[in-house]
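The values are calculated or read from the model by the stated rules, or taken from the named source; none is laboratory data. Just so we're clear, the structure is a prediction, and the values are computed from it rather than from any experiment. As a convention, Cβ positions derive from the backbone with ideal geometry for all residues, glycine included, and neighbour counts pool all protein chains shown.
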Amino acid sequence: MSEYVTKKIALPGGRVIDIVYFADPGDLPEPERLPVAPGEVRPSRDVLHVCSQCGSDLVYPVAWEERSGEKWHVVRRCPECEWRGEGEFHQVDVEIFDDILNEGTDDLLGSLRGLARTNMQEDVEALIAAINDDRILPEDF
């Protein structure tokens with residue numbers, strides 16, 4: 001068996017699947033795009049998180065629903081210009097979108113942990129200073 005890479009993917013419906021790549025993921029063929037309805041603007045691959053109106057990369061799903069085959073109906077919103085759009089997208093595109101959302105969540109959680117740690121450190125230093133200066137009284141409890 002050739003080299004392979006596995007990746008766990010949490011699908012929007014809550015289901016978790018394992019994707020097994022038997023080649024470098026960059027060597028995999030481009031996914032087949034679903035047909036675009038007349039007048040429908042469809043972002044190119046890897047950019048479901050980018051607003052087609054203002055270019056913000058903060059677009060997030062408002063709702064998504066699995067359709068037949070490997071299709072997903074996704075309703076998206078841009079928090080910067082209030083653009084809303086919806087369409088059907090291929091499974092691979094939705095998985096990439098989900099990965100980008102997960103990376104964003106991880107970034108936010110990392111920032112939150114750092115901020116909480118900094119705030120706690122400042123609070124502890126203020127408490128130590130108050131104890132050292134005898135500013136803590138029995139009435140404080």
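Data table
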item	result
Arg76 of a type in the set (Lys, Arg), touching a Leu at 6+ places or on another chain (Cβ under 8 Å), at pLDDT 90 or above and surrounded by 11 or more Cβ atoms within 10 Å (Cβ to Cβ)	yes
Glu139, sole failed condition from (1) acidic (Asp, Glu); (2) free of Cβ contacts under 8 Å to residues at least 40 places away in the same chain; (3) under 27 Å from Arg15 (Cβ atoms)	(3)
Condition broken by Arg42, with the remaining ones in (1) surrounded by 16 or more Cβ atoms within 10 Å (Cβ to Cβ); (2) at pLDDT 90 or above; (3) not in a helix (DSSP H, G or I) satisfied	(2)
